[in-house]
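Colleague: Structure below; questions to follow.
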Amino acid sequence: MKHLLSISDLERSSIEAILDGAEHMASVLGREIPKVPALRGKTVANLFYEDSTRTRLSFETAAKRLSADTMTFTVTSSSVKKGESLLDTVKTIEAMGIDALVVRHSAAGAPHRIAGWVDASVVNAGDGRHEHPTQALLDAFTLRRHRGPSLDGARIAVVGDVRNSRVARSGIECWTRLGAQVLVVGPPTLMPENLDGWPVTVHSNLDDVLGEIDVAYILRVQQERLGPAILPSLREYYTRYGLTAQRAEQMKPDALVMHPGPMIRGPEIATEVADGPRSLIREQVSNGIAVRMAVLWELIGSGGIL
Ligand code: NCD
């Protein structure tokens, strides 16, 4: 595998191979010295054109745990502010000598274009509303750890702003390939215009499905991607779709709660649910490092020095 741009490029067996690799990486992270020389001499550059806390730090940490050198580029402190084009910026970074380029960009398809310009491996760390494959993989890894070896038969409800969510798009592709059934739940205004071909069932009433799901996967309402006409009343949205403690009580005893972050505590998810026993939110963050280590190793690793 040269690049990781989209979950649709991965068959079930390739996804499982990455998740198995991540198990190994998680055991590395559990050691007294959580670092191996697997990518010594390699350079991983992070190219972030959009804001990020988790994803950027997670890739940076993953590369460091594998002993790669890292460079991080964030648009707010770069020559993009002086008008440099994406192509010139990418070529400049490549000229410094890199093996992998981790890209986040507000334009769907930007990582695919960049992959055509460079010799390095490109990882899509989120492109507009399109895809966020490593988030889908780390969520699958987290769920697999809680459910045994597979997601077969798991009923996962993706709740909220599906229309604007690259996390939802990649997650639905990934989890269904692993055997899960996905429900999308939210107001029609936050659903994609055309759901033809999506392997999901569509629901507008969260309370109707709470008792039958294994996972409530809550999305952030992405106000930066919404026009004012789409969602006139956030308060009404939260009343119907916020995961309150009362709603969490309607779920099966062993049902789980996930969120990709950043989460809006209170309206979107109640603090006692976010920090409660059903919540995998912190584990998702920790597991992200192991999964990104496995991805980097798969793309630019060679030999068996783990
Ligand atoms: C998400 C993103 O940026 O796509 N966060 C993440 O990477 N964990 C989701 C979001 O911003 O709501």
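Colleague: Here is a list: V167, V184. Which entry is surrounded by 17 or more Cβ atoms within 10 Å (Cβ to Cβ), within 16 Å of the ligand (Cβ to nearest atom), in a strand (DSSP E or B) and not assigned by TED's automatic domain parsing to the domain that holds V291?
Modeller: On the way: V167 fails: in a strand (DSSP E or B).
Going through V167, V184 in turn, just one is surrounded by 17 or more Cβ atoms within 10 Å (Cβ to Cβ), within 16 Å of the ligand (Cβ to nearest atom), in a strand (DSSP E or B) and not assigned by TED's automatic domain parsing to the domain that holds V291: V184.
Colleague: Does V80 fit the bill of being over 20 Å from H3 (Cβ atoms), more than 16 Å from the ligand (Cβ to nearest atom) and of a type in the set (A, V, I, L, M, F, W, C)? Please lay out each step first, then the result.
Modeller: Values: over 20 Å from H3 (Cβ atoms): yes; more than 16 Å from the ligand (Cβ to nearest atom): yes; of a type in the set (A, V, I, L, M, F, W, C): yes.
It is true that V80 is over 20 Å from H3 (Cβ atoms), more than 16 Å from the ligand (Cβ to nearest atom) and of a type in the set (A, V, I, L, M, F, W, C).
Colleague: While we're here: Go through (1) modelled with pLDDT of 95 or more; (2) assigned to a loop (DSSP other than H, G, I, E, B) and name the single condition A216 misses.
Modeller: Among (1) modelled with pLDDT of 95 or more; (2) assigned to a loop (DSSP other than H, G, I, E, B), the lone unmet condition for A216 is (2).
Colleague: Select from region 53-93 the residues that are among the charged types (D, E, K, R) and within 25 Å of the chain's Cα centre (by Cα) and write down the one among them that is farthest from I114 (Cα to Cα). Working first, answer last.
Modeller: Residues of region 53-93 that are among the charged types (D, E, K, R), as a first pass: 54, 56, 60, 64-65, 69, 81-82, 84, 88, 91.
Of the ones still in play, those that are also within 25 Å of the chain's Cα centre (by Cα) are 54, 56, 60, 64-65, 69.
Numbers: R54: 22, R56: 18, E60: 20, K64: 23, R65: 26, D69: 21 Å.
Among those that are among the charged types (D, E, K, R) and within 25 Å of the chain's Cα centre (by Cα), it is R65.
Colleague: Tell me, which helices (runs of 4 or more DSSP H) wholly within region 11-127 include 1 or more residues that are among the polar types (S, T, N, Q) and farther than 16 Å from A290 by Cβ?
Modeller: Working: elements: 12-29, 54-65, 86-95, 110-117.
Here the list reads 12-29, 86-95.
Colleague: When you look at L183, is it over 17 Å from the mean Cα position of the chain (by Cα), over 24 Å from V285 (Cβ atoms) and without any contact (Cβ under 8 Å) to a residue 40 or more places away in the chain, yes or no? Outline the logic, then answer.
Modeller: Working: over 17 Å from the mean Cα position of the chain (by Cα): yes; over 24 Å from V285 (Cβ atoms): yes; without any contact (Cβ under 8 Å) to a residue 40 or more places away in the chain: yes.
Considered against the rule, which asks whether it is over 17 Å from the mean Cα position of the chain (by Cα), over 24 Å from V285 (Cβ atoms) and without any contact (Cβ under 8 Å) to a residue 40 or more places away in the chain, L183 comes out as yes.
Colleague: Also, I was wondering about something else. Regarding R177, is this residue at pLDDT 95 or above, within 16 Å of the ligand (Cβ to nearest atom) and within 25 Å of I18 (Cβ to Cβ)? Full working, then the answer.
Modeller: On the way: at pLDDT 95 or above: yes; within 16 Å of the ligand (Cβ to nearest atom): no; within 25 Å of I18 (Cβ to Cβ): yes.
For R177, the condition - at pLDDT 95 or above, within 16 Å of the ligand (Cβ to nearest atom) and within 25 Å of I18 (Cβ to Cβ) - is not met.
Colleague: Which pairs do you get when a residue that is assigned to a loop (DSSP other than H, G, I, E, B), found in region 266-286, comes within reach of a residue that is open to solvent by less than 50 Å² (accessible area, probe 1.4 Å) and of a type in the set (A, V, I, L, M), reach meaning Cβ atoms under 6 angstrom, with the pair 6+ apart or on two chains?
Modeller: A270/A245; R278/L256; R278/V257; L280/L256; L280/M258
Colleague: Read through the list (1) outside any helix (DSSP H, G or I); (2) under 18 Å from V257 (Cα atoms), then give the number of the only condition that R145 fails.
Modeller: All conditions are met except number (1).
Colleague: State whether the residues of region 76-84 include one that is open to solvent by 70 Å² or more (accessible area, probe 1.4 Å), among the aliphatic types (A, V, I, L, M) and under 29 Å from R225 (Cα atoms).
Modeller: no
Colleague: Take the residues in region 258-306 that are of a type in the set (V, I, T) and surrounded by fewer than 22 Cβ atoms within 10 Å (Cβ to Cβ), then tell me which one is nearest to A125 (Cα to Cα).
Modeller: Residues of region 258-306 of a type in the set (V, I, T): 264, 269, 271, 273, 281, 285, 289, 291, 295, 300, 305.
So of that shortlist, the ones also surrounded by fewer than 22 Cβ atoms within 10 Å (Cβ to Cβ) come out as 264, 271, 281, 285, 305.
On the way: I264: 21, T271: 28, I281: 19, V285: 14, I305: 26 Å.
For region 258-306, the residue satisfying everything is V285.
Colleague: Would you mind stating whether V215 is away from the ligand (no atom under 16 Å from the Cβ), under 18 Å from the mean Cα position of the chain (by Cα) and over 20 Å from R129 (Cβ atoms)? Break it down stepwise before answering.
Modeller: Details: away from the ligand (no atom under 16 Å from the Cβ): yes; under 18 Å from the mean Cα position of the chain (by Cα): yes; over 20 Å from R129 (Cβ atoms): yes.
Yes; evaluated as a whole, the condition is true for this residue.
Colleague: Would you check if T70 is open to solvent by less than 50 Å² (accessible area, probe 1.4 Å) and hydroxyl-bearing (S, T, Y)?
Modeller: Values: open to solvent by less than 50 Å² (accessible area, probe 1.4 Å): yes; hydroxyl-bearing (S, T, Y): yes.
Here the answer is yes, as T70 does meet what is asked.
Colleague: Evaluate the following for D99: is it open to solvent by 20 Å² or more (accessible area, probe 1.4 Å) and in contact with a helix residue (DSSP H, G or I) (Cβ under 6 Å, 6 or more places away or on another chain)?
Modeller: On the way: open to solvent by 20 Å² or more (accessible area, probe 1.4 Å): yes; in contact with a helix residue (DSSP H, G or I) (Cβ under 6 Å, 6 or more places away or on another chain): yes.
In short, yes.
The values are calculated or read from the model by the stated rules, or taken from the named source; none is laboratory data. The structure displayed is predicted, hence computed values, not measured ones. All Cβ positions, glycine included, derive from the backbone under ideal geometry; neighbour counts span all protein chains shown. To get the accessible areas, we keep the full protein, side chains included, count just its heavy atoms, and leave off ligands, DNA and RNA. Shrake-Rupley method; radii C 1.70, N 1.55, O 1.52, S 1.80 Å.
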